[in-house]
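Presented below is the structure to which this report refers.
No lab work stands behind these numbers, since they all come straight from the coordinates. Keep in mind the model is a prediction, meaning the values are calculated, not measured. Glycine gets a Cβ as well: all are built from the backbone with ideal geometry, and neighbour counts include every protein chain shown.
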Amino acid sequence: MKSILLVRHAKSSWDFNVEDFDRPLNQRGETDAAAMAKRLLKKDVKIDAFVSSPAKRALTTATYFAEAYDKKQKHIIIVPALYEAGVSDFFNTIAGLDNDLKHVALFSHNPGITTFASKLTATFIDDMPTCAVFAVKADLKKWSDFEGAQKEFWFFDYPKAG
């Protein structure tokens, strides 16, 4: 059994003097990212790999999660296609994962991450709030089989839910 956790980046700054790609997390975003990572640890949710958009807000969110799981930023896999990603970008990223990985967290952005989450199972999400986690499981051996595999909704969580 393999699992994918889709994580929307935490709340970011709306400083219009900064390019979208370079927007940092705001204080609430930093607090939420740390809290959500700890919440997953309390639920005993495993994460073997952290795969992130290179945009500052997504990468910073991934860093908070990696640190909570006693990993360093160097353990984060950066995938440029996860910035402004569409459904095919998510499927292609997952298909390219190392098959030895069992539990992977992908950090990306709206609207793509919400659209992708809603296509995976019968559980429909109309909007993933910042730092939301949508998790699915699939019984497969190779990540390249993920797109066509039967996927099971595991959980959906976000900062204000807990």
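Things worth noting here:
- Loop-resident trypsin sites (Lys or Arg not before Pro) (DSSP state other than H, G, I, E or B) in region 1-69 with no more than 15 further Cβ atoms inside 10 Å of their Cβ: Lys43, Lys46.
- Converting phi to 3J(HN,Hα) with the Karplus coefficients 6.51, -1.76 and 1.60 and the offset θ = phi - 60°, region 2-16 yields 10, 9, 10, 10, 8, 10, 6, 3, 6, 4, 10, 6, 10, 6, 6 Hz in sequence order, with x at every glycine or proline.
- Extension reserve of the Glu84-Ser13 stretch, reckoned as 0.36 nm per residue once the Cα distance is removed: 23.8 nm
- Of all DSSP beta bridges confined to the chain, the antiparallel ones make up roughly 50%.
- Local net charge near Lys38, Cβ-Cβ under 15 Å (Lys/Arg +1, Asp/Glu -1): -1
- In order through region 122-130: 3J(HN,Hα) via Karplus (6.51 cos²θ - 1.76 cosθ + 1.60), integer Hz, x for Gly, Pro: 6, 7, 9, 10, 7, 6, 8, x, 4
- Amide hydrogen proximity for Leu25: with H placed 1.01 Å from N in the peptide plane, the residues at 5 or more positions away or on another chain lying under 5 Å are Ser13.
- Residues whose placed amide H lies under 5 Å from that of Trp154, excluding near-sequence neighbours: Ala135, Val136, Lys137
- Other residues within the sphere of radius under 15 Å centred on the Cβ of Ala117, judged by their own Cβ, net out at -2 (K and R +1, D and E -1).
- Calculated from backbone phi, Karplus (6.51, -1.76, 1.60) coupling profile of region 136-146 in Hz, x at Gly/Pro: 10, 10, 8, 8, 8, 9, 10, 4, 5, 8, 4
- Under 23 Å from the Cα of Lys38 - lysines, other chains or at least 8 residues apart: Lys2, Lys11, Lys46, Lys56, Lys71, Lys72, Lys74, Lys102, Lys137, Lys160
- Within a Gaussian network of the chain (alpha carbon springs, distance under 10 Å), most fluctuating of Ala122, Ala33, Ala68: Ala122
- The alpha-carbon atoms of region 115-160, seen along their principal axes, cover 34, 15, 14 angstrom, with the largest extent given first.
- Label point 7 Å beyond Cα of Lys102 along Cβ direction - residues of region 1-21 with amide nitrogen under 17 Å: 1-5
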